[in-house]
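**Student:** Pasting in a structure now, in structure tokens, and then I'll have a few things to ask.
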Amino acid sequence: MCPMTDDLTARLRVPAGPVDLTAIETDAAPGFDGKKADGKKALAAMGAELSDLQERLWAERTAGSERRVLLVLQGMDTSGKGGVLRHTIGLVDPQGVRITSFKAPTEEERAHDFLWRIEKGLPSAGYIGVFDRSHYEDVLIARVRGFADPAEIDRRYGAINDFEARLAAEGFSIIKCMLHISADEQKARLAERLDNPEKHWKYNPGDLDERALWPAYREAYEIALERTSTDVAPWHVIPSDKKWFRNLAVGHLLLQTLRGLDLRWPEADFDVEVERQRLAEEPPVQ
């Protein structure tokens, strides 16, 4: 088995300054010297530790901890948000996971500030929360499609940074992943959906309309990554043409984040020896 290199998190993190997504490979596997089969084994090998750390995070809430994890997944259509949910997040206990998918805002949501519905979707203490799309739709599709004027879009970058800084201060560990695929890979995945009747339900004719705006979306992502990658909530660009590496990289980021929390089992708030004696002396159940 080929382990991930220790510097993978740093290699995936968006550097300060202007972002050029055309300079970041989509079909690479940085920090992993192995093939597809090795990558799948490496991801599976993370399962036991991920599960243990998640249970510790969940247990800490019983002792009053406010800590929680928020994983933000953004990417063009077919980039693999669902695949990450199945293969990576699927390694942990679903009882401790809250997945929120943000579609087009409802009439009620449009009547409020764009972050109003995001607040309602935040995970409670002890949870791993996953945003399948997120508040970043409001500076991505909103920018490309002109759903808000330029001044409002510009305001939103600062509002997002303030929002995420507050979450970090309240006990959130934020992992932001841009799933980076090429236009050619997206075309191949869309064709696969059309060729397989079992995947027709996943195909949306509107995807081609959005695909026609690929350069505009790339620019919108570059601006968002540059303006909202902060010390408390940095962006990571995940090469996603290789599905197995995408899943592995997100798993690595999640594992490193949980390790960094130094999670501890809560101490008993009762006398363990007394309870052990009571249990031993308990009369037989009739």
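**Student:** Multiply the residue gap between Thr62 and Ala10 by 0.36 nm, knock off their C-alpha separation, and tell me the result in nm, one decimal place.
**Tutor:** Full-extension gain reported as 15.4 nm.
**Student:** Further question: Taking a probe of 1.4 Å, how large is the accessible area per residue of the chain, in Å²?
**Tutor:** 52 Å²
**Student:** Starting from 0.36 nm per residue, how many nanometres of slack lie between Lys202 and Val232 once their C-alpha separation is accounted for?
**Tutor:** Answer, rounded to one decimal: 7.3 nm.
**Student:** If amide hydrogens are placed 1.01 Å from N in the peptide plane, which non-local residues have theirs closer than 5 Å to the one on Gly75?
**Tutor:** Leu179
**Student:** Calculated from DSSP H runs of 4 or more alone, at -39500 (n - 2.57) each and per residue, what is the 222 nm mean residue ellipticity of the chain, nearest 500?
**Tutor:** -14000 deg cm²/dmol
**Student:** Given a 1.4 angstrom probe, I'd like the percentage of the accessible area of the chain that is carbon and sulfur, rounded to a whole number.
**Tutor:** For the chain, the apolar C and S fraction of the accessible surface comes to 51 percent.
**Student:** Could you pull out every whole DSSP H run in the chain that spans at least 15 Å of Cα extent along its own axis and averages 0.0 or higher on the Kyte-Doolittle scale?
**Tutor:** 243-260
**Student:** Here is a further query. Sorted by average packing, counted as other Cβ atoms within 10 angstrom per residue and highest first, what order do 258-268, 210-220, 81-91 take?
**Tutor:** Working: 258-268: 12.2, 210-220: 15.1, 81-91: 18.9.
For the peptides 258-268, 210-220, 81-91, the packing ranking is 81-91, 210-220, 258-268.
**Student:** Need one number: nm distance between label points at Trp265 and Ala111, each 7 Å from Cα along Cα→Cβ, rounded to one decimal.
**Tutor:** Result: 5.0 nm between the two label points.
**Student:** Just report the Cα centroid separation between the range 163-196 and the range 73-121, whole Å.
**Tutor:** Here the two parts' Cα centres lie 10 Å apart.
**Student:** Sequence neighbours fewer than 8 away in the same chain don't count; with that in mind, list the lysines whose C-alpha is under 16 Å from Lys242.
**Tutor:** Straight-distance partners of Lys242: Lys35, Lys36, Lys40, Lys41, Lys81, Lys187.
**Student:** Heavy atoms only, probe 1.4 angstrom, no DNA, RNA or ligands counted: give me Asp184, Asp241 ranked by accessible area, highest first.
**Tutor:** Asp184, Asp241
**Student:** Please check: in the Gaussian network model of the chain (C-alpha springs, under 10 Å), which one of Lys199, Lys35, Lys187 has the largest mean-square fluctuation.
**Tutor:** Comparing Lys199, Lys35, Lys187 in a Gaussian network model of the chain, the most mobile one is Lys199.
**Student:** For labels at Lys35 and Asp93 in the simple 7 Å Cα→Cβ model, what's the distance in nm?
**Tutor:** About 3.8 nm separates the two model spin labels.
The values are calculated or read from the model by the stated rules, or taken from the named source; none is laboratory data. Keep in mind it's a predicted model, so treat the numbers as computed, not measured. Positions of Cβ are generated from backbone atoms using ideal geometry, with glycine treated the same way; all protein chains shown enter the neighbour counts. Ligands, DNA and RNA are excluded from the accessible area calculation, which covers all protein heavy atoms including side chains. Shrake-Rupley method; radii C 1.70, N 1.55, O 1.52, S 1.80 Å.
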